[in-house]
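Here's the structure we're looking at; comments come further down.
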Amino acid sequence: MMGRTSNTYLPKDWHSRLPDPAAYYTQHLDKLGDVAANGWAMALCPFHDDYESSLSVKLIGIKGAYRCDTCGNHGDMVAFHMARTELPFKEAVRDLIGLRGRG
């Protein structure tokens, strides 16, 4: 069997180990607004010069979906983390669940 490197291994339960979206986005976004009844909150988008909150993040329900009405960037929390850190998928997931740099 070809050996796996520690950088490519993901536990089977990785999705359930992702951080709470509210905690994650509070830490990584400027001026995160209050959560609306539908579970979405607005913030400044880190992917372009944003002076009016154009980024919507889902803090309740779907694991951290996001979308920007100005630049069109969108996805889930893993995609956001990948775009923010420029890490590939598996490394971004390992970083989010606290395994990055561990074997």
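Just so it is clear, none of the values below were taken in a lab; they were calculated from the coordinates. Model, not experiment: these values are computed from the prediction. Here the Cβ positions follow ideal geometry from the backbone for every residue, glycine too, while neighbour counts run over all protein chains shown.
In the chain, helices alone account for a calculated mean residue ellipticity at 222 nm of -6500 deg cm²/dmol, with every DSSP H run of four or more residues adding -39,500 (n - 2.57). A simple rule links phi to the HN-Hα coupling: the Karplus curve 6.51 cos²θ - 1.76 cosθ + 1.60 with θ = phi - 60°, which for segment 83-88 gives 5, 6, 9, 6, 8, x Hz, with x for Gly and Pro.
Neighbours of Y25 by Cβ distance under 15 Å: Lys/Arg scored +1, Asp/Glu scored -1, total 0. D76 sits among other residues whose Cβ lies under 12 Å from its own Cβ, and their net charge, with Lys and Arg +1 and Asp and Glu -1, is +3. For segment 31-65, backbone nitrogen atoms closer than 18 Å to the point 7 Å from A23 Cα along Cα-to-C-beta are found at 58-65.
Karplus-based coupling profile of segment 53-68, in residue order and whole Hz: 4, 10, 9, 9, 10, 8, 9, 10, x, 3, 4, x, 4, 9, 7, 10, with θ = phi - 60° in 6.51 cos²θ - 1.76 cosθ + 1.60 and x standing for Gly or Pro.
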